[in-house]
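This report refers to the structure that appears directly beneath it.
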Amino acid sequence: PCLMWLCSPVAEKTGKVLGEFCRCYKEQYGVALFNSVRYEIEGNGGPQAQLLHRKVPLEDHVIYSGNLFQYIEENKKWRNRFCVVPHNYGLVLYENKLAYERDLPPRVLVNSAGYKILTSVDQYLELVNSSLPALTPPKSGHSPILKCPTDFPLILWHPYARHYYFCVMTGKEQEKWRAVFQDCVRHCNNGISEDSKVEAPAFTDAVRMYRQSKEQYGTWDMLCGNETQVLSNLVMEELLPELRTTIGPRLKGKAQERQRTWIQISDAVYRMVYEQTKAQYDAAMAKCEQERPQMESTIRTDMDQIITSKEHLASKIRAFVLPKAEICVRNHVQPYISSILEALMTPTSQGFAEVREVFFKEVTDMNMNVINEGGLDKLAEYMEKLSHLAFHPVKMQSCYEKMDQLKLEGLQQRFDVSSTSVFKQRAQIHMRQQMDDAVYTFETLLHQELGKLQGKDDLCKSIQRILERVLKKYDYDSSTVRKKFFREALLQITIPFLLKKLAPTCKGELAKFQELIFEDFARFILVENTYEEVVLQSVMKDIMQAVKEAAVQRKHNLYRDSMVMHNSDPNLHLLGEGIPIDWGEEYSGQPEADSAADKRRRAKQVVSVIQDDEGVLPYEVGPEALLQPGSLEPREPDAGAPPSSPDGVEEIREALAKESLGDSPGADVPSGTSVPHAAPASPKPSADVPSEAKVPHATPASPAPGTETPSPSAETACHQPSDKETGEEVAALGSQCSPLQPTSMTESGEGVQTEF
């Protein structure tokens, strides 16, 4: 659709919202800088972590790759695509596997922040029908906006951006791809780096202050992605209702066509907003960075005076606000704190317990397999797999899904919590981090021991001893992380509720306190922030007490606050400062890769490709899909070439029918199955060990889980993605497309689609 007439009002609205936000950001930047410098000087750290934290991230792996069908909206056909999920969790889709191996440009780059993963067309249609209230939903019997050729769809839905439609052939594939996609969303949603001690808190506080100025309190589902994505969501939150009112009545055609048109318009507007937002926010951030040296110099010089001035202001605000806040807490918050905490603790503690069990089982299985199959010769192979355990979406799924039980029920309405997804994803991110810390600590300790070991028995005993040692450290760290998460979640639920309750009687009176701040310190002390700190103090005591009492209950496996482990293992943290361990390079005996292409081919894939008896996807890509180097256009098929992948729904269904009867054209390698490296003829050891297998001198640290894990498939050849495959360079790629069009079209009707 032509959107030229929308450019001016969209740009005007975007500029207005960002102008107000950037004012908030500038104010919060000074406060965040002061807090950062004060923390650096005073040092107020909590309990010391016992597990090591990986300082150099693992970047030599691909999470998953394989074939699946994608629906191409421009020509309304389903195409077989080769999808790669690199280490940074971008979704990268290629014409086929050969295009990926030749390092040709991908068809699609998707940053999945803000997306929901749907496995039902009915779920999708329900969301689409509710996205534009002015539209009357299609009557039953009418063709829907999307037809899926199989019973296993995977749909990426976003409230503002383009939707993506995929399907696979089996339920097992669907479960695996769903776990992978959810991990991508979880990772991309967590796009604001916590390593930034000034910019990150300044940004999140500015978003919160801006929304509160519009009387929007509470959690916000769209606080996900990087800063530009979050700000684009902020603009669209205000812009979308206006677009519905303006554009809704102008949409023509059948209900399905109007729905499709609306999705395209929303996506095009979102792209326009994104480009303008990025430019304006980058300029505001650069200006603050330019002023930072002078501000930091003032803070360090006048730190004592600034603290004294802030404490004086806080005492005055406290005298005015605290009596009202305490009454509000006593009547509306305190009676419900224990209920909220219990609702949070049960699924979270179960999830962390599952992390412990998965880690225990994987190490125990590895111990059995190494001892029974080859000793030290096989250790490097298994340790390389174990090092990626936290990034294995399928193995971690049993941990993540525990959070699906989180229900706040009536509490959600009482405290105006829009959704529990914020808390679920935060807990899941903590789970993944704790798993990686446990794995990294284990491999660091084992690597140190290897030079002292003699024979299988020594290796077995060392693995078991180190496992027990790491589990004790995990128990302590997971308790600390969970208690911190519970406190933060309780504050995130109760503080917005209190601010909203107190606003009518308190907010209008805050202006009179401005005169108590010296002009020289006005960049570092804000009345609004100090007021919120006072409100926080009014409820913090009750929250701390509730978490403290919960730690006494054994069912949640929390340490009491009095249990503090200081420097219990000082030499361990010195080990963590060493060079990262590369098990494959150090112990496999393989020569180092000579080129980037070799390194790409040798990249390990975390999740094994499914290899069902019936094959994953029965359609092998034909010669017509092989690309000329440097071109996105397929070349013409040779005479007598085998048939290509079916495109239309009916063609796919016919091929499925043929496949079930054994008439499908045969392929030696099923589509979606990577060809393994050349390996010795001896089979790879299975992860499953017969029950009668004995491990000498091995004493389990805790009961092994009752569930049995399936044997892993053979390690598949994977490839290190180049920078352009990461899904993070989209801003640059997006500039190649007109800001008014959803995609850049090729002659075949397919676009190089990019996401933000």
Step through the residues of region 356-370 one at a time and calculate ³J(HN,Hα) from phi using the Karplus curve (6.51 cos²θ - 1.76 cosθ + 1.60, θ = phi - 60°), rounding each to whole Hz and writing x for Gly and Pro. 4, 5, 5, 4, 4, 5, 5, 5, 5, 4, 4, 4, 4, 5, 5
In whole percent, and with a 1.4 Å probe on the protein chains, what portion of the accessible area of region 336-586 is carbon and sulfur? 50
Extension gain, residue 324 back to residue 413 (0.36 nm per residue minus Cα-Cα distance, nm): 29.8 nm
At a 1.4 Å probe radius, which order do 424, 548, 214, 473 fall into by accessible area, largest first? 548, 214, 424, 473
Could you provide, to the nearest whole Å², the per residue accessible area of region 336-586 with probe 1.4 Å? 44
How much accessible surface does residue 391 have with a 1.4 Å probe, in Å² rounded to 10? 40
Accessible surface, 1.4 Å probe, highest first, among residues 422, 547: 422, 547
Accessible surface, 1.4 Å probe, highest first, among residues 5, 157: 5, 157
I'd like the accessible area for residue 457, computed on protein heavy atoms only with a 1.4 Å probe and all protein chains in place. Round to 10 Å², please. 70
With all protein chains in place and a 1.4 Å probe, residue 468 shows an accessible area in Å² (nearest 10) of 70
Per residue solvent-accessible surface (Å²) - region 212-284, probe of 1.4 Å: 38
Taking Cα pairs under 8 Å and at least six residues apart, what relative contact order does region 336-586 come out at, in percent? 27
Expected-Rg normalisation [2.2 N^0.38 Å, Cα atoms] applied to region 336-586: 1.30
Part-to-part distance (alpha-carbon centres) for region 354-407 and region 311-342, which is given in Å: 45
Assuming 1.002 mPa s and 20 °C, estimate D for region 435-525 with Stokes-Einstein, Rh taken as the Kirkwood radius over Cα pairs, in µm²/s. 116
Go through 214/507; 424/500; 16/507; 16/214 and tell me which ones have a Cα-Cα distance over 19 Å in this structure. 424/500; 16/507
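The values are calculated or read from the model by the stated rules, or taken from the named source; none is laboratory data. These numbers come from a predicted model, not from an experiment. Heads up: the accessible areas ignore ligands, DNA and RNA and are worked out on the full protein's heavy atoms, side chains in. Shrake-Rupley method; radii C 1.70, N 1.55, O 1.52, S 1.80 Å.
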